[in-house]
Amino acid sequence: MADISQLGDLRPVEPLDLENYADNRELAPLPKAGVVTLQAPDTFPPVTRSQKSGAMLVQIDPKIVDTNYQIKFVKVSAKAFQRGGKTVSQLGDYLRACGVTGKFQSEAEQAEAVDMTANRTYQAEVDWKVWNKATQTEILGMEKFPSDGAGGHEPYYYTGEKDENGNPIKLRANLVITRFIPASESV
């Protein structure tokens, strides 16, 4: 039996009848693709390391300011690459979008720079993406999803297969950041 004695005075719980339970079946509507204003979280989870490259990863999970929709599992990498003859990274793109300036030489300094972005707002382009694990296929772009018949798109990708009940198998799109907009270019 679970020991809950160390929890002290708990408020009494309501009985749970899991045989007669109202499951949560509603998903938040997926925002449309385009430029949005995001807000960084007030705190960030601990920095991790990429399994592939060994580079530092920082999870930033922002919220869209207008809708309060949270984009989950957003990690930016400190892995360097070349753009226009300059060394850049996803982490640098994020910091520039947040208006951070300066030189950050070490991983610790770059992680501290991310901490400075807590609660800041910035702009980014977002779009819909789905990953089909079974076929190792990625679908990126809201316009590639089926029409909803009302001028928009359904946030589902239909695999063309059926489940055991004969229903079409569909995968729900996720909202992803496709480009951070530097603060100097923000609208």
Kindly evaluate SER53 against the criterion of being under 22 Å from GLN105 (Cα atoms), surrounded by 10 or more Cβ atoms within 10 Å (Cβ to Cβ) and either within 19 Å of the chain's Cα centre (by Cα) or free of Cβ contacts under 8 Å to residues at least 24 places away in the same chain (or both). no
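Conditions tested, residue by residue: (1) in contact (Cβ under 8 Å) with a residue 60 or more places away in the chain; (2) assigned to a helix (DSSP H, G or I).
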| position | (1), (2) |
| --- | --- |
| GLN6 | no, yes |
| ASP9 | no, no |
| PRO15 | no, no |
| TYR21 | no, no |
| VAL36 | yes, no |
| PHE44 | yes, no |
For residues in the stretch 7-25 being of a type in the set (Asp, Glu) and over 31 Å from the mean Cα position of the chain (by Cα), which is farthest from ARG172 (Cα to Cα)? ASP9
Failed criterion for PHE104 (all others in (1) surrounded by 16 or more Cβ atoms within 10 Å (Cβ to Cβ); (2) within 21 Å of the chain's Cα centre (by Cα) hold): (2)
Looking only at the stretch 122-132, decide whether some residue is in contact (Cβ under 8 Å) with a residue 12 or more places away in the chain, in contact with a helix residue (DSSP H, G or I) (Cβ under 8 Å, 6 or more places away or on another chain) and not in a strand (DSSP E or B). no
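Please find, within the stretch 137-154, the residue that is surrounded by the fewest Cβ atoms within 10 Å (Cβ to Cβ) out of those that are assigned to a loop (DSSP other than H, G, I, E, B) and within 20 Å of the chain's Cα centre (by Cα). I'd like the intermediate steps shown before the answer.
Our first condition is that a residue be assigned to a loop (DSSP other than H, G, I, E, B); within the stretch 137-154, this holds for 141, 145-146, 148-152, 154.
Remaining after also requiring within 20 Å of the chain's Cα centre (by Cα): 141, 145, 154.
Working: GLY141: 13, PHE145: 20, GLU154: 15.
Across the stretch 137-154, the extreme among qualifying residues is GLY141.
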If we keep just the residues of the stretch 78-89 that are in contact with a Ser or Thr (Cβ under 9 Å, 6 or more places away or on another chain) and assigned to a loop (DSSP other than H, G, I, E, B), which is farthest from ASP42 (Cα to Cα)? ALA80
Tally time: how many residues in the stretch 129-148 are under 17 Å from VAL176 (Cα atoms) and of a type outside the set (D, E, K, R)? 9
Just give me the residues in the stretch 90-110 being in a helix (DSSP H, G or I) and touching a helix residue (DSSP H, G or I) at 6+ places or on another chain (Cβ under 9 Å), in sequence order. LEU91, GLY92, TYR94, LEU95, ARG96, ALA97, GLN110
Matching residues in the stretch 62-73 (in contact with a strand residue (DSSP E or B) (Cβ under 6 Å, 6 or more places away or on another chain) and either surrounded by fewer than 17 Cβ atoms within 10 Å (Cβ to Cβ) or not in a loop (DSSP other than H, G, I, E, B) (or both)) number 4
Might you let me know whether the stretch 35-46 holds any residue that is of a type in the set (Gly, Ala, Ser), over 27 Å from HIS153 (Cα atoms) and surrounded by 10 or more Cβ atoms within 10 Å (Cβ to Cβ)? yes
Report every pair of residues separated by at least 6 positions or lying on different chains whose Cβ atoms are under 9 Å apart, first residue within the stretch 139-156 and on the phi > 0 side of the Ramachandran plot and of a type outside the set (Phe, Trp, Tyr), second part of a helix (DSSP H, G or I) and surrounded by 12 or more Cβ atoms within 10 Å (Cβ to Cβ). none
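No lab work stands behind these numbers, since they all come straight from the coordinates. Predicted model, so just to flag it, every value in this text is computed and none were measured. Positions of Cβ are backbone-derived with ideal geometry, glycine not excepted, and every protein chain shown enters the neighbour counts.
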